[in-house]
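Working notes for the structure below.
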Amino acid sequence: MTETLDECKRRSKREIDQGAGTVRGRYITSVRGQSETYLIKEQQARAWLSDTSQEIELFKLPCAEIGITGTDMLDVCTKITQKADEWVALAAAVEAVRLGTKKQIDAATTVNEIEQINSSVMWPIIS
């Protein structure tokens, strides 16, 4: 059975969302609770960096990484915030591709046009 234009649009947009998830999955640990851990770790790192005279033991997640992620609290918190900033840049680029492609799909008037849009998607890469 041949797919209608509306069916093709719905399928293609689902595939775009799945593609965005695949790209994100290359750069994050996608397991239950991990995103919350990343957010808390980033918040604690930024809070400590805003006033480094605070007791490091109050910032449990970054403190736990001393000797693993970095040599001391400053090193750990700097690396955590750098990684978070890289993630935000990647997430923004992925969203631009995802939403822009879906907009093109919505505007398409033929199944062939949608297939051409799908085949030309270029997901961002960070090194």
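Bear in mind these aren't lab numbers, they're just calculated from the coordinates by the rules spelled out. Just so it is clear, the model here is predicted, and its values are computed rather than measured. FYI the Cβ positions are ideal-geometry reconstructions off the backbone, even for glycines, and counts take in every protein chain you see.
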Check your understanding: Of the residues THR109, THR52, which is touching a residue at least 24 places away in the same chain (Cβ under 8 Å), assigned to a loop (DSSP other than H, G, I, E, B) and over 22 Å from the mean Cα position of the chain (by Cα)?
Key -> THR109
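Are any residues in the range 79-104 of a type in the set (S, T, N, Q) and either surrounded by fewer than 16 Cβ atoms within 10 Å (Cβ to Cβ) or within 30 Å of CYS8 (Cα to Cα) (or both), and if so, which ones? Steps first, please.
Of the residues in the range 79-104, the ones of a type in the set (S, T, N, Q) are 81-82, 101, 104.
Passing the criteria: GLN82, THR101, GLN104.
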Check your understanding: Is it true that THR2 is hydroxyl-bearing (Ser, Thr, Tyr), closer than 30 Å to VAL111 by Cβ, more than 15 Å from the chain's Cα centre (by Cα) and surrounded by fewer than 12 Cβ atoms within 10 Å (Cβ to Cβ)?
Key -> yes
Review point. Pick from GLN43, GLN116, GLN104: which is polar (S, T, N, Q) and over 30 Å from GLU3 (Cα atoms)?
Key: GLN43
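Going by the structure shown, is CYS63 over 28 Å from GLY21 (Cα atoms) and assigned to a helix (DSSP H, G or I)?
Working: over 28 Å from GLY21 (Cα atoms): yes; assigned to a helix (DSSP H, G or I): yes.
For CYS63, the condition - over 28 Å from GLY21 (Cα atoms) and assigned to a helix (DSSP H, G or I) - is met.
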Study note, to complete from the structure: Those residues of the range 105-127 which are surrounded by 11 or more Cβ atoms within 10 Å (Cβ to Cβ), β-branched (Val, Ile, Thr) and within 16 Å of ARG10 (Cβ to Cβ) amount to ILE105, VAL111, ILE114, ILE117
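The rows are residues; the columns are (1) assigned to a helix (DSSP H, G or I); (2) in contact (Cβ under 8 Å) with a residue 24 or more places away in the chain.
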site	(1), (2)
MET1	no, no
GLN18	yes, no
TYR27	no, yes
ARG32	no, no
GLU36	yes, no
